[in-house]
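Asks: Please read through the structure below; I'll follow up with questions.
What follows draws every value from the coordinates through simple rules; no lab data is involved. This structure is a prediction, so every number in the text was calculated from the model and none was measured. Here the Cβ positions follow ideal geometry from the backbone for every residue, glycine too, while neighbour counts run over all protein chains shown.
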Amino acid sequence: MQVEKEEILHIAKLASLNIKEEEIEEYRKNLQDILNFANIVNGVNTDNVSESIGSTSNINIFREDQVKEFEDKKALLQNAPEKQNNMFNIPKVI
C-alpha cells in the first residue's frame with residue numbers, strides 16, 4: 001500500500017497542521033517508511049516468545065528511609081525565591 005498525497009493532506013487537516021506544498025513529499029516518504037516498518041513488525045512470528053511486562057522480575061524493591069543532615073544550608077537556600085527561618089517559604093496550597 002502506497003501513501004498518496006491526498007492522504008497526507010487529509011491527515012494534516014485532521015491534525016491541524018499547515019504543511020507547505022514542498023513538504024508533502026517528505027511527509028509522504030516518512031509516513032511510508034513508518035508503515036513499512038509496522039508491516040515488518042506485524043509479520044514477526046512471536047508464537048514461542050513469552051509475555052514480558054518489564055526487563056526484570058523485581059517487584060516493589062524498597063529501601064529504608066534515611067535522614068541525612070545537609071551540611072551547606074546557605075548554598076542550598078541561595079536560589080530560593082523566598083526563605084524564612086532557614087527554610088524555603090512557599091505559597092500555601094490547599
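Asks: Could you give the Stokes-Einstein D for the stretch 26-92 in µm² per second, using the C-alpha Kirkwood radius, 10 °C, 1.306 mPa s?
Replies: Estimated diffusion coefficient is 83 µm²/s.
Asks: Do the sum for the chain: with -39,500 (n - 2.57) for every DSSP H run of n ≥ 4, divided by all residues, what is the mean residue ellipticity at 222 nm, to the nearest 500 deg cm²/dmol?
Replies: -11000 deg cm²/dmol
Asks: For the pair ASN86/ALA38, report the inter-label distance in nm, with labels modelled 7 Å from Cα in the Cβ direction.
Replies: 5.9 nm
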